[in-house]
1. Tell me, please, whether a residue that is closer than 16 Å to Ile59 by Cα and in contact with a Ser or Thr (Cβ under 8 Å, 6 or more places away or on another chain) can be found in the range 89-96.
2. Please verify whether the range 27-34 includes one or more residues that are out of contact with any Cys (no Cβ under 7 Å at 6 or more places or on another chain), of a type outside the set (A, V, I, L, M), touching a residue at least 12 places away in the same chain (Cβ under 8 Å) and open to solvent by 80 Å² or more (accessible area, probe 1.4 Å).
3. Could you please find all residues in the range 110-136 being small (Gly, Ala, Ser) and either at positive phi or modelled with pLDDT of 95 or more (or both)?
4. Take the residues in the range 117-140 that are part of a helix (DSSP H, G or I) and without any contact (Cβ under 8 Å) to a residue 60 or more places away in the chain; name whichever of them is nearest to Gly79 (Cα to Cα).
5. Tell me, please, whether a residue that is open to solvent by 20 Å² or more (accessible area, probe 1.4 Å), in contact (Cβ under 8 Å) with a residue 12 or more places away in the chain, under 26 Å from Thr81 (Cβ atoms) and of a type in the set (Val, Ile, Thr) can be found in the range 2-20.
6. Name the single residue that is surrounded by the fewest Cβ atoms within 10 Å (Cβ to Cβ) among those in the range 115-167 being among the β-branched types (Val, Ile, Thr) and over 21 Å from Ser85 (Cα atoms).
Amino acid sequence: MSHADTLIPLRLCVLTVSDSRTLANDSSGDYLVQAATDAGHLLHERTLVKDDIYRMRAIVSAWIADDEVDGVLITGGTGFTGRDSTPEAIAPLLDKQMPGFGELFRAVSVEEIGTSSLQSRAFAGLANQTFVFCLPGSTSACRTAWEKIVSAQLDARTRPCNLATLRPRLKE
């Protein structure tokens, strides 16, 4: 069966990657926490880290090693500037890449920001049976990703299939 009749709450972590934001002014992280909890999911942990490959890896590695965590939402560090290093930090941790996420995100984004969508290196994958989504740092990009892609895929009621109902089969 690829769907359920009720929401299966997932335990999610939110990581903001930024050299300039703090938890006090992190609107993208705030949005993701609010959207996820409004959707019925549980916030397991939230933190903010400077754009540093090894610090990002340490935090995300701890989360994906924790059996209580179902998914990780990362915002920031997916652009092309010298400090943007989320793909380089997180991609090596993935057991399986989800190429369709980045492709779909850019396709959806082109409606909002035109050809600037090609500058996004947003991506997703699976690490130790944990879903990992790496999103741009802007709140509007996080909203686009959540509302048009991630929310439905983390909702067991989405038909014909979704990521949430795959959770029990990920260890096969």
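The values are calculated or read from the model by the stated rules, or taken from the named source; none is laboratory data. Given the structure is predicted, the values throughout are model-derived calculations rather than measurements. We place every Cβ from the backbone using ideal geometry, glycine too, and count neighbours over all the protein chains shown. Quick note on the areas: whole protein, heavy atoms, side chains included, nothing else; ligands and nucleic acids left out. Shrake-Rupley method; radii C 1.70, N 1.55, O 1.52, S 1.80 Å.
1. Filtering the range 89-96 for residues closer than 16 Å to Ile59 by Cα gives 89-94.
Now drop any that are not in contact with a Ser or Thr (Cβ under 8 Å, 6 or more places away or on another chain), which leaves 93.
Yes.
2. No, the range 27-34 has no match at all.
3. Answer for the range 110-136, where residues must be small (Gly, Ala, Ser) and either at positive phi or modelled with pLDDT of 95 or more (or both): Gly114, Ala122, Ala124, Gly125, Ala127.
4. Here the answer is Gln119.
5. no
6. Top of the filtered list is Thr115.
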